[in-house]
Amino acid sequence: MVPKDGPRQRRERDFTIEGANSELISYTYAKLTDGAVKGFMLIWPQGARITAEDGSESYEVDRRRALVLDAMRQSFAPIPGAALPDNAGLDQAEQSIDLVSGLKIRKAERARSGFFVTEQGDVLTTLEAVQNCGSVTLEDAYPANIVATDEQLGLALLRPQTPLAPMAIAELLNFDPRIGSELAVAGFSYGGRLPSPTLTFGTLAETRGLAGETEISRLNVTVQDGDAGGPVLDQGGAVIGMLLAAPTEGKLLPQGVGLTAKGTALAEFLAANGVTATMTQIQGALTPYDLTNNAANMTVLVSCWK
């Protein structure tokens, strides 16, 4: 009903939303009056207009819409005391966080995880997270561009269209930790339904991939699809790698098996694309609170939109 492209304006007590696509153009106005929000919406079809004289098509602005909209704005007057109750039209059996006042919230095609690697907000994530997307956002708010990919490892580097100021960036471990070491995967396990990333704990099972790849490690950890792209941290908060997306064709890994691209492989990918990674050695173990806080500050929700 309201196309995503168009000007929006919010003032102290009212707002307007305009949207247009090839099929329609919409105008929404609402204001706060006596503790209630009241307004109106005009939806106008938008398509080719046929000229009677020669049958030609045009997409000029329909002047009739401008007249109607002007009349609605001039005549709009809230009726005192008339307002629908907050739960009007609400089906109690179908309440959902994906609804606002009974209207469906636009949802991403898929949501994965990523983490900051530069002070300007560059984000490392999986290639699977951003393939075939019309647009990509960070934290559902900041549009980002795909600036580099690695199809072999399944990596993607994102750059926000407007520089950000991360609270923390990843410090990559420059060697393999010991097999059996405890680790934690930080990620948006539930596709952004929770406001902060979840920590999933496991251990390092092997310092090679299943086919002997030296740039991949195998983990004993049970993760969700939304965790893919998230940082894998040791007990000191260093990033030992990035959780890779589960295979989608030809293979199905057993429950509790995860694969991570090593920190050294991530650093090489970043360097090849003009980004200098921050490297570190093993540090002393953090408290659970500090580890969780550190992970939350660097981990990012990556959303793919059609």
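Please treat every number below as a calculation from the coordinates, not as lab data. Computed from a predicted structure; not experimentally measured. Cβ: placed from backbone, ideal geometry, glycine included. Neighbour counts: every protein chain shown.
Which whole-number percent gives the relative contact order of the chain, counting Cα pairs below 8 Å spaced six or more residues apart? Averaging sequence separation for qualifying contacts and normalising by length gives 18 percent for the chain. The overall shape of the chain is prolate: from the C-alpha gyration tensor, with semi-axes ordered a ≥ b ≥ c, the ratio a/c is 1.5 or greater and a/b exceeds b/c. For THR278, the residues whose amide H sits under 5 Å from its own are LEU172, ignoring neighbours fewer than 5 places away on the same chain, with H placed 1.01 Å from N.
Angle of helix 263-272 to the longest C-alpha principal axis of the chain, folded into 0 to 90 degrees and rounded to 10: 60°. Annotation: aspartates and glutamates with alpha-carbon distance below 12 angstrom to LYS251 (same-chain offsets under eight excluded): none found. Once the Cα atoms are used to define both axes, helix 288-298 deviates from the longest principal axis of the chain by about 60 degrees. The trypsin sites (Lys or Arg not before Pro) of the range 164-257 meeting both criteria, a DSSP state outside H, G, I, E and B (loop) and at most 15 other C-beta atoms within 10 angstrom of the site's C-beta, are ARG178, ARG193, ARG208, LYS251.
For the residue pairs LYS262/LYS306; LYS4/LYS306; LYS107/LYS306, alpha carbon separations beyond 20 Å are given by LYS262/LYS306.
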